[in-house]
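The values are calculated or read from the model by the stated rules, or taken from the named source; none is laboratory data. Given the structure is predicted, the values throughout are model-derived calculations rather than measurements. Positions of Cβ are backbone-derived with ideal geometry, glycine not excepted, and every protein chain shown enters the neighbour counts. Heavy atoms of the whole protein, side chains included, go into the accessibility calculation; ligands, DNA and RNA do not. Shrake-Rupley method; radii C 1.70, N 1.55, O 1.52, S 1.80 Å.
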Amino acid sequence: MKKLNLSKLDWKLNGSQPWFWKLGTSMELGEELQCEIKNVPATVPGSVQKALLNAGIIKDWNSGLNSRDCEWVENRHWIYSTTIPAEYFNEGSRWCLNFKGLDYRGIVYVNGKELASFDNAHIPLTVDFTSSVKENPGKELHLSVVFLLAPRWQGQCGYTYKMLDWKPRFNYHWDWVCRLVQIGIWNDVILETYDEKLLDTRCYSTFDGNNGKVEIRGEIDGDPDNIIHTFLKNPDGNKICENDFTIAQLRTSQISLDVDSPQLWFPNGKGNQPLYQLLIQLKSKDGKILDDYVTKIGFRQVKWLSNENARGDADGWICEVNGEKLFLQGINWTPLLPNFADTTDKHYRHILETYRDMGINLLRVWGGGFLEKEVFYNLCDEMGLMVWQEFPLSSSGVDNSPPTDAEAIQILGNIARSFIKRRQQHPSLIIWCGGNELNKYKDKQGVNNPVTINHPTIRNFYDIVCSMDPDKRFVTASPSGPELKGNSEDFKTKVLWDSHGPWKAIGPLDGEWKKHWEDSNSLLYGEFGAPGASGVILINQYKGDLDAFPCSNKNDLWSRQNWWIEWDQFVNIEGHEPENLEEYVGWSQKRQSDLLAFAVTTAKNKFPRCGGVIIWMGHDCFPCTANTAIIDFEGNMKPAAKALAKIFKES
């Protein structure tokens, strides 16, 4: 088995009105065609939008109102093309292309011949093109990936049960990001050359309080008399166990490795994060290595205990890791960029290190996004950042109920299986969740009633998790429990489970906000926040040709994310209008810091009645003038983040 990353090849991007490219006759399908945008250098992975920006064809969507001028990109077909050198095919007898992420719908061609189509950004695509190689012995091959039109609307408002295009929704427009509907190859493209190989190899590790176990699952494409060879290295690099198994054992889930008294993986702030290396090899009967699978794993025991004073049927939100109870100090993780294909490893590391250094121990990967790239989970393993991973479903305002038709449930089930296969080995991952703010009923009936396990989509998720990854907790959605949110009157008679809100205060800190947090009795605060302005320098940097002041809906710059403007609050509290940008920003940032610090301190003081807080939201992916994020678009901590870091680091 040989794996070659095709990102190093020379890629070109062409764009045309829909289907005009089909009129061409060139075999390369990207050269000399009816295209209006021709031969733009492209990066893989990378988005169409970033390639066009680099070529000077579109303006920076982060500046002013430029994003509106980029929307024409959605209304074209786009063709990524490259030439695979003949020497890439010198070994092996079979060849396939593994596209780890395509956003969203299109067709794959090799030498002008259609080999596959795709229409799901959440699931990788594997294309066998052995016949193309054998039909052209000793020759280079021309690869083209055509992206067809994206769905017109997947954004924040609409009907969740009607959102049946399997593409991330957030970059169609949310209250914290402009519309930039990404198109492109968003993850690696790998050429695999092989004779026989492992298929769907996956593993998960458990710890029973004394010893560890690694469970291995998978299939092969090859001789059933081959051997599965496994070994495990401890964090010091020493081999601690080694075994051979038959293919029959692999296929019948009978492969496991036992580890006596393993070094334990702890969350951030509670200990170290030792990682073991697992190697699985497919060997022929004569000992030749045909394929391998390498990953890192960790051992930890996670239990969920009942909150103090919770009613008997309530979900437990006290997290115990390796016998120690801890207060969940979390943030809601949203994609780092609307054009997430262009996110770098360096960007991931910077943001995650910031959270680690703040004392954060949990990241809730929100359901309006996607399964993050592998580097994200590797870094979370390394830093002790536990992960709550949602499947790609989110609320839509008008209606928040999941789909109920059989085809959609089947596709969502396939997505869930793919997520689990690709990420379940990570010790940082502790929860699978059905999605964000999902309701039990359609069309806003019972809008305050979170979805339950009885919904067919959620039940299917639950069954899949129980079957494939039984060591992880499954949560129906966030929020969960009898009600989504509550107020001071509700708290007199009800106990909320995982609740959402509030996201904004009315009046000063010592008014309704203070009373809410003192009275509130939620077992977990899965989402809440307070708006705060970005810094003066950042606002001026990205204002484009607009004015940075006034900070009100009368200003087009600020009205891009108008939910989070608090001009009227400033006037009501201070008794006058802000005199300049600096005055408003200083006030807004201090207000956000004070509000969040009070909320988190109050909730933390209620432990173990309250199990934790997950702040909405962690970071900006767009240079919002104001938003609930505590880290701005440039990766700088707002004053609120610095204040929370002090609270999180207190024992």
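What to note about this one:
- When the C-alpha to C-alpha distance is required to be over 25 Å, the pairs from Lys113/Lys134; Lys3/Lys113; Lys22/Lys373; Lys303/Lys606 that qualify are Lys22/Lys373.
- Burial ranking of peptide ranges 433-440, 243-250, 393-400 (average Cβ count within 10 Å, highest at the top): 433-440, 393-400, 243-250
- Beta bridges by DSSP in the chain, antiparallel share as percent, to the nearest 5: 75
- The overall shape of region 224-359 is prolate: from the C-alpha gyration tensor, with semi-axes ordered a ≥ b ≥ c, the ratio a/c is 1.5 or greater and a/b exceeds b/c.
- Cα-based shape type of region 352-426, given that a ≥ b ≥ c are square roots of the gyration tensor eigenvalues and the cut on a/c is 1.5: oblate
- Per residue accessible area in Å² of region 496-651, where ligands, DNA and RNA are left out and the probe is 1.4 Å: 38
- Evaluating 6.51 cos²θ - 1.76 cosθ + 1.60 at θ = phi - 60° for every residue in region 42-55, the Karplus couplings come out as 10, 9, 10, x, x, 8, 4, 4, 5, 4, 5, 5, 4, 8 Hz, glycine and proline recorded as x.
- Pairs exceeding a 22 Å alpha-carbon distance, out of Lys492/Lys642; Lys492/Lys514; Lys8/Lys50; Lys100/Lys346; Lys288/Lys421; Lys325/Lys604: Lys492/Lys642; Lys288/Lys421.
- Of all accessible heavy-atom area on the chain, the percent that carbon and sulfur account for (1.4 Å): 46
- Straight-line reach from Lys239: taking Cα to Cα under 20 Å and skipping same-chain neighbours fewer than 8 places apart, the lysines in range are Lys213, Lys283, Lys296.
- Chain lengthening between Asn562 and Asn54 when straightened (0.36 nm per residue, less Cα-Cα): 179.9 nm
- Of the trypsin sites (Lys or Arg not before Pro) found in region 284-332, the ones in coil according to DSSP and having at most 16 other Cβ atoms within 10 Å of their Cβ are Lys285, Lys288, Arg311.
- The phi torsions of region 325-338, fed into the Karplus equation with coefficients 6.51, -1.76 and 1.60 and a -60° offset, translate into couplings of 6, 9, 7, 6, 10, x, 10, 7, 8, 10, x, 6, 9, x Hz, rounded to whole numbers, with Gly and Pro shown as x.
- Region 120-274: C-alpha gyration tensor shape, a/c 1.5 cut-off, then a/b vs b/c: oblate
- Estimated dipole of the chain in Debye, rounded to 20 [Cβ of Lys and Arg +1, of Asp and Glu -1, Cα centre]: 560
- Glu308 versus Leu65: modelled label distance in nm, points set 7 Å from Cα along the beta carbon direction: 5.5
- The residues of region 182-234 have, on average, 30 Å² of accessible surface per residue, using a 1.4 Å probe with all protein chains present.
- The slack between Asp405 and Arg459, meaning 0.36 nm per residue of separation minus the straight C-alpha distance, is 18.1 nm.
- Cβ-based charge dipole, the chain, positive-most Cα from Gly269, Tyr172, His142: Gly269
- Protection proxy ranking, peptides 356-363, 315-322, average beta carbon neighbours within 10 Å, highest first: 356-363, 315-322
- Subtracting the Cα-Cα distance of Asn238 and Asn487 from 0.36 nm times their residue separation leaves 84.1 nm of extension gain.
- Cut-off 16 Å, label 7 Å out along Cα→Cβ of Asp545, residues of region 70-111 by amide N: 70
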